[in-house]
Every structure is written in structure tokens, then in C-alpha cells.
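Notes to accompany the following structure.
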Amino acid sequence: MMLHTFNSSDAYRLHGHRPSAEDLILLIEDGVFATTQQDLTQDKRIRVLREDLAQRGLPEPTAITCITYSDWVRLTIESQHCLSWTR
Amino acid sequence: MTQLLFILSHPPGSSIYAQEAFDAALAGSAFSNIAILFVGAGCLQLIEPKLAVEAHQRKDFQRGFRALPDYDVHDVYGCEDSFKQFGLHNQTLVIQPTLLTRVDISAHLNAAQRVLCF
């Protein structure tokens, strides 16, 4: 399992197709705006960093798993690779 | 076996990412077996620069790609989908990477010991 982080919605738009079925996708920083731009609720691989949502005044999406920094650390440890997609 | 896989996903010119990634890859090649993978807009780094250095005011690092074999870097890959997306099949390229499908890319990522994303 690999952890793919996206730090902007542009990065997600460009590289969102790269994670495979068993990977996890984490939206951080401005990447959390991807949740407002498209319906991501069907994709069970998606996680969103709660703190970055709050900083941008966004409510936590009900059907998407929101995680804390501690969860992020745990996912990092559990993942074979961490790939950071930036824009 | 690939110990370090460098993923290059940024276009040249707009940021320092592309140049720094290449420098990092060269440094990595000094002590481990590395591979380089161009994906997305990163593939645009491969277009042969057509202007003199004075015109774009930055280091002309892309010509350095030709020196990769001298650094014992022989595994240079590109994303086939991105090549199609950016129309690179008809461009003059600095070097021609081995093109990989999405499935091949996943296999390379799984097989690499460490992956570094730039």
C-alpha cells in the first residue's frame, strides 16, 4: 500500500488517476478544496486532513474519512512508500 | 534493483523543482542504484531547449540528461499517457526515455526500495 498526498486540487486533477486500487489518497493543504469541486464520496481510498479543512473554513464532508496529524503519521508508517504530488 | 526511484512531475522554468530534482538524482546516483521516472508535466523537461541560456536566465540543466549514462543511470522512464497528453511523440527530445504504461509504473513503484517525489 502506498500513501499519495496531494497538496492542491490541481495536483489531484493532474495525478489523481495514479494511485492504484489498494493505495490511499490523502488531501492536504489546498488539496482539501478538491472535496468542494467534485464528488469524491464514491472513492473509499480518500482521506482528508481535518486541520487543513478547518483552517480553510470548510465543513468535514460526511461521506469522506477525515483524519488527524497522528493518523497521518500512522498511515506513513504503515505505507510502503509515501508519494507527495505537489503543484 | 532500484534503490532510489526519482519521480519528476514538474515542468521546467516555472519553479526550481525540476532543476533540484535532477541535482538530487545525480547526488543519489553517486551512492545507489537509481531510476528516474518522468510523469505528467514533468515530461516537458525532456523537450530540447531551443533558446540560448541568456534568453531564459536559468541553468540549462536539461542538457545534463544526456550525461546520465556517464553517471551509471540507465533506467530512465517516461509515462506513456503523459507523452500522449502533452504531444511529445512529435517533439525533439533531449533523451528518449523508456515509455511505461500505468500498470508498468505501479510495478516499478512497488519494486523500488525508496521513492522520491519531485
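The values are calculated or read from the model by the stated rules, or taken from the named source; none is laboratory data. Keep in mind the model is a prediction, meaning the values are calculated, not measured. Backbone-built Cβ (ideal geometry, glycine too); neighbour counts: all protein chains shown.
Filtering the range A:51-66 to residues that are assigned to a loop (DSSP other than H, G, I, E, B) and touching a Phe, Trp or Tyr at 6+ places or on another chain (Cβ under 9 Å) leaves A:56, A:58.
Restricting to the range A:76-87, name every residue that is modelled with pLDDT of 95 or more and either outside any loop (DSSP other than H, G, I, E, B) or buried (at least 17 other Cβ atoms within 10 Å of the Cβ) (or both). Walk me through how you get there before you give the answer.
Just the residues of the range A:76-87 that are modelled with pLDDT of 95 or more, to begin with: A:76-85.
Listed by number, the residues that qualify are A:76, A:77, A:78, A:81, A:82, A:83, A:84, A:85.
Can you find a residue in the range B:56-65 that is in contact with a Gly (Cβ under 7 Å, 6 or more places away or on another chain) and buried (at least 17 other Cβ atoms within 10 Å of the Cβ)? Checking the range B:56-65: not a single residue is in contact with a Gly (Cβ under 7 Å, 6 or more places away or on another chain) and buried (at least 17 other Cβ atoms within 10 Å of the Cβ).
Select, from A:32, A:48, A:73, the only residue that is at pLDDT 95 or above, buried (at least 19 other Cβ atoms within 10 Å of the Cβ), away from chain B (no Cβ under 12 Å) and outside any strand (DSSP E or B). Steps first, please.
Numbers: A:48 fails: outside any strand (DSSP E or B); A:73 fails: buried (at least 19 other Cβ atoms within 10 Å of the Cβ).
Answer to the check: A:32.
Selection of first residues in the range A:1-12 that are within 10 Å of another protein chain (Cβ to nearest Cβ) and crowded, with 23+ Cβ neighbours inside 10 Å and of second residues that are of a type in the set (S, T, N, Q) and assigned to a strand (DSSP E or B), restricted to Cβ pairs under 7 Å at least 6 apart or on distinct chains, gives the following pairs, ordered by first then second residue: A:5/A:84. Kindly check whether there is at least one residue in the range B:82-104 that is under 17 Å from residue A:19 (Cα atoms), outside any helix (DSSP H, G or I), within 14 Å of another protein chain (Cβ to nearest Cβ) and of a type outside the set (Ser, Thr, Tyr). Looking for residues that are under 17 Å from residue A:19 (Cα atoms), outside any helix (DSSP H, G or I), within 14 Å of another protein chain (Cβ to nearest Cβ) and of a type outside the set (Ser, Thr, Tyr), one finds at least one in the range B:82-104, hence yes. Taken together, the residues in the range B:15-37 that are within 11 Å of the chain's Cα centre (by Cα) and within 13 Å of chain A (Cβ to nearest Cβ) amount to 3.
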